[in-house]
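Everything on this sheet refers to the single structure shown next.
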Amino acid sequence: MNTQIDSSYRPDALVVGGGIAGLQSALDLADQGLKVLVVERGASIGGHMIALSKVFPTLDCASCITTPKMSAAAHHENIQILTNAEVEAIESRDGLHRVRILRKPTYVNFDKCIGCRLCEYACDTEYRDRFEEGLGAVRAIAVPFTNAIPQKAVLDAEHCLTCGSCARVCPTDAIEFDQKPRTLAIETEAVIVASGFDLNSVTVKPQYNAARSQNVIAPMTLERLLAPHGPYGRVLRPSDGKIPGAIAFVQCAGSRDESIGVPYCSRVCCMYAIKQAMLLAGALPLADITIYYMDIRAFGKGYEQFFQNAKAMGINFVRGKVARIDPIEGGDLRLHVETTEDAENPLEERTHDLVVLAQGMIPGWNPAQTTPVACASDGFVATPRLTAPTATTAPGIFTAGTAAGPKDIVDTIAEAGAAAIAASQYLFQKRETAVAG
Ligand SMILES: Cc1cc2nc3c(=O)[nH]c(=O)nc-3n(C[C@H](O)[C@H](O)[C@H](O)COP(=O)(O)OP(=O)(O)OC[C@H]3O[C@@H](n4cnc5c(N)ncnc54)[C@H](O)[C@@H]3O)c2cc1C
């Protein structure tokens, strides 16, 4: 993977974000002979999907699907990938987009780094591993995770003690403590915004007390706990390492609520909660698993059957709203629930030892401030035409995946392919017109 790019490099198209949407769009464009630059602000491509355990509705291993796409993009002769690089602004004029990219220092020369990890083994400083949602530890200089692409070490300046151990063992003299942030300007004719999503904080509803209990966790944390190559290799409760015996999922904990600024449905939470409950039932056969929900939105192909299978497996579905979660003795949690099960006695208290909050999906990037792309009232990229879901308000700029709103992987990949077709049609027509004119 070549990482040497300067302002003279002129790709036919630029893709903002190296998640599954960005990678699929890039591959589809590159297969048509177009030169594509993928800019990813993280240390690896793969986005959220590479951190998932398995995927609904097939329960395929997520990294078994994502890693080949990451690898195909990294080895494609028409694709150039910049990681640790953030698209900051786009200025569009006369059919050309001038893109300002911030290249963050990695303190490692990627052309010299061979991914041997000797620096990582020599480093004595550890901090909470963001990829493992803070459950494991990572060295201050490390290859981001096992199947990261690129397999290059990155130094975290916030935690590095500059002791020099890494530089002393590096066989290729790749450590560069004096790297600075750099800005790069690239011109291109088409852009695909595939900047994905973030999740709102687990503390967005203070009544759920995630700030007071380590056992009120985020769904991405459970993805890592369920992953075979996750932080512990099995499901253990974060506060004390106990095997949980009564696990609760609280749905709509960060969405469908005006008061927290996320009035819309995040679309995937019902399905990933059902998936996680099924995986937990397999990993912990004795555990009691309950999903507290308002309504189950099993909208996709095979999803209703998936839901029915979960019920048949013995997962409890309780229709109701969790009003409050109180930490109690021993790290357990008392849930105050209003259910629809018993009309005479709707208020109940139930105790669980691990609670998963379904956080709301929010936009991963706001392009409206620094680019010609407008966002809708929910903050996601506006797609103004009903018949062209990958169009944006700016000619020559397209969008794909969760950048335009919450969606699952199937819809994300379909949309990424559609964005690539729309962008290539735009490019070919523009060039034909230029030749004819
Ligand atoms: C807990 C959980 C479990 C899930 N499980 C499933 C499942 O089992 N099945 C399923 O179908 N779906 C599932 N989903 C949904 C799935 O994760 C998404 O559909 C999919 O990951 C969306 O991919 P994306 O490429 O649109 O976004 P992302 O994965 O968010 O990728 C976007 C990328 O863009 C980068 N980026 C953002 N802004 C910039 C910028 N300015 N410059 C450069 N780079 C930028 C980000 O760093 C990121 O890497 C789950 C979601 C969650 C939260």
query = Using alpha carbon centroids, what distance separates the range 367-437 and the range 157-210, in Å?
reply = 26
query = What residues qualify as long-range amide H neighbours of residue 362, i.e. H under 5 Å apart, gap of 5 or more or another chain, H built at 1.01 Å from N?
reply = 198, 199, 200
request  = Please work through the chain and write down the cysteines that have no neighbouring cysteine Cβ at a distance under 4.7 Å.
outcome  = 113, 116, 123, 160, 163, 170, 252, 265, 269, 270, 375
request  = For the chain, give the magnitude of the charge dipole about the Cα centre (Cβ charges: +1 Lys/Arg, -1 Asp/Glu; no others), in debye to the nearest 20.
outcome  = 460
Mean separation of Cα contacts under 8 Å (6+ apart) over length of the range 314-437, as relative contact order % = 13
task = Towards the positive end of the charge dipole of the chain, with charges on Cβ (+1 Lys, Arg; -1 Asp, Glu), say which of 162, 76, 146 has the farthest Cα.
result = 76
306, 56 arranged by Cβ crowding within 10 Å, fewest neighbours leading = 306, 56
Selected from 328, 290, 225, residue furthest toward positive end of dipole (the range 200-360; charges at beta carbon) = 225
note = Largest-first semi-axes in Å of the equivalent ellipsoid built from the Cα gyration tensor of the range 200-360 are 21, 20, 17
message = Going by Cα centres, the range 324-353 and the range 14-81 are how many Å apart?
response = 42
request  = Please state, rounded to one decimal and in Å, the Kirkwood hydrodynamic radius that the chain gives when every pair of distinct Cα atoms enters the mean of 1/r.
outcome  = 23.2
note = Counting only DSSP beta bridges fully inside the chain, the antiparallel percentage to nearest 5 is 60
task = Starting with the fewest neighbours, write out 113, 166 ranked by other beta-carbon atoms found within 10 Å of each beta-carbon.
result = 113, 166
ask   = When only Cα pairs under 8 Å and 6 or more residues apart are kept, what is the percent relative contact order across the range 128-230?
value = 19
remark   = quick note, the range 200-360, DSSP beta bridge pairs, % antiparallel (nearest 5) is 50
Sequence ranges 7-19, 93-105, 139-151, 338-350, ranked by mean other-Cβ count within 10 angstrom, highest first = 7-19, 139-151, 93-105, 338-350
ask   = To the nearest 20 debye, what charge dipole does the range 200-360 have about its Cα centre, counting +1 at the Cβ of each Lys and Arg and -1 at the Cβ of each Asp and Glu?
value = 640
request  = Could you line up 232, 208 from fewest to most neighbouring Cβ atoms inside 10 Å?
outcome  = 232, 208
query = Ratio of the range 361-437's C-alpha Rg to 2.2 N^0.38 Å, to two decimals?
reply = 1.18
inquiry  = Can you compute the equivalent ellipsoid semi-axes for the range 114-225, i.e. the square root of 5 times each eigenvalue of the Cα gyration tensor, sorted largest first and rounded to whole Å?
reply    = 31, 23, 13
request  = Starting from the coordinates of the alpha-carbon atoms of the range 183-282, obtain the Kirkwood hydrodynamic radius over all distinct pairs and give the value in Å to one decimal.
outcome  = 16.1
ask   = What does the highest-first list of 308-316, 28-36 look like by mean Cβ count within 10 Å?
value = 28-36, 308-316
request  = Over the chain, calculate the relative contact order: mean separation of alpha carbon pairs under 8 Å at least 6 apart, over the residue count, as a percent.
outcome  = 18
query = Quick one: Cα centre-to-centre distance for the range 91-116 and the range 274-304, in angstrom?
reply = 41
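Every number in this text was worked out from the coordinates using simple rules, so none of it is lab data. Just so it is clear, the model here is predicted, and its values are computed rather than measured. Heads up, the Cβs are rebuilt from the backbone with ideal geometry, glycines too, and the neighbour counts pull from every protein chain shown.
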